[in-house]
1. State, to one decimal in nm, how far the label point of E128 lies from the label point of T97, with both points 7 Å from Cα in the Cβ direction.
2. How compact and how long is the chain, expressed as Rg and Dmax of its alpha-carbon atoms in Å?
3. Tell me the label-point distance for the pair L143, D46, using the 7 Å Cα-to-Cβ offset, in nm and rounded to one decimal.
4. Run the Debye formula on the Cα coordinates of the range 4-72, all scatterers equal and no solvent, and tell me log10 I(q)/I(0) at q = 0.22, 0.28, 0.29 1/Å.
5. Just subtract the alpha-carbon distance of D60 and D3 from 0.36 nm times their residue separation and send over the number in nm, one decimal.
6. So which of K6/K102; K4/K138; K4/K80; K4/K102; K4/K118 end up more than 31 Å apart, counting from Cα to Cα?
7. Roughly speaking, what is the stretch gain from D76 to L25, that is 0.36 nm per residue apart minus the C-alpha to C-alpha distance, in nm to one decimal?
8. Label T18 and A135 with points 7 Å out from Cα along Cα→Cβ: what is the distance between them in nm?
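Throughout, read-outs are computed from the coordinates displayed, never taken from laboratory work. Because the structure is predicted, anything quoted here is derived from the model rather than measured. Every residue, glycine as well, gets a Cβ built from its backbone with ideal geometry; the counts of neighbours run over all protein chains shown.
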Amino acid sequence: MIDKIKVLEIIQDALNGTDKFLVNLKITNDNRIFVDIDGDEGILIDDCIELSRTIENSLDRDVEDFELNVSSAGADSPLKLPRQYRRNIGRQLQVETLDGEKVTGRLEEADDTQCSVKVRGTKNTNGETFTFKYADIKVARVLIEF
């Protein structure tokens, strides 16, 4: 089986010094490698191609054959890292907590441990701000606005 630590080191070396970062790395028992990346300024297809080539050239198919998939964390992908939350400040966010609470509002603040979401008020009520520790969030997704 492909060594996950080796692949992780290859990715970290390739992304070091850029605004790109690893969101998820998964290696299955049959040597299928799945890499999801993101960037502070977004991800282009060329970024995925470049990282794919770097990984491919750093592993030896003669030793172990593998399948490699490098992609960007898509618009509908859940947020996983504090860096992703910070990148999306000002956007609409839907949060579901581990205890089942669901909140939809504008992401106002995000740091290394928590984020704040402001729910819009109505004619008769003021908006309310909810603060969530990342450890308490089951899933958070950015909502696409048109």
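1. With each label placed 7 Å out from Cα toward Cβ, I get 1.1 nm.
2. Taking only Cα atoms of the chain, I get Rg and Dmax of 18.2, 68 Å.
3. Modelled inter-label distance: 3.5 nm.
4. Results for the range 4-72 at q = 0.22, 0.28, 0.29 Å⁻¹ read -0.92, -1.46, -1.55.
5. Working: separation 57, 0.36 × 57 = 20.52 nm, distance 1.17 nm.
This chain segment gains 19.3 nm when fully extended.
6. Values: K6/K102 39 Å; K4/K138 25 Å; K4/K80 19 Å; K4/K102 35 Å; K4/K118 39 Å.
K6/K102; K4/K102; K4/K118, as the Cα separations exceed 31 Å there.
7. Working: separation 51, 0.36 × 51 = 18.36 nm, distance 1.78 nm.
Computed gain between D76 and L25 is 16.6 nm.
8. Each label point is offset 7 Å from its Cα along the Cβ direction, giving 3.3 nm.
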